[in-house]
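Scroll down for the structure; my scribbles are underneath it.
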Amino acid sequence: MLVLSRKLKESIQIGDDIELKIIAIEGDQVKIGINAPRNVDIHRKEVYLAIQEENNAAAQTVSIDVLKGFLKK
């Protein structure tokens with residue numbers, strides 16, 4: 001893991017397309033602005049993990065019989 005220190009209004013550039021900018025520091029909270037292309041999904045980690053869990057659960061509930069039914073149509 002790369003650890004970088006940044007001050008207010010300083011940025012971190014990721015590749016050519018993604019910029020992370022420190023917008024505000026209030027107590028123990030840091031506000032980060034993210035400038036990235038629209039095709040890049042950006043989520044808080046807990047939201048990302050919840051999406052992954054939902055996707056895995058949905059993939060496991062589809063049975064082979066249901067898929068075969070789609071092929072017959």
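The values are calculated or read from the model by the stated rules, or taken from the named source; none is laboratory data. Computed from a predicted structure; not experimentally measured. Glycine gets a Cβ as well: all are built from the backbone with ideal geometry, and neighbour counts include every protein chain shown.
Some observations on this one:
- Single residue of the range 11-70 satisfying the filter (of a type in the set (Ser, Thr, Tyr) and within 20 Å of Met1 (Cβ to Cβ)) that is nearest to the chain's Cα centre (by Cα): Tyr48
- Taking the criterion of being of a type outside the set (D, E, K, R), modelled with pLDDT of 95 or more and out of contact with any helix residue (DSSP H, G or I) (no Cβ under 9 Å at 6 or more places or on another chain), the residues of the range 43-66 that qualify are Val47, Tyr48, Leu49, Ala50, Ile51, Gln52.
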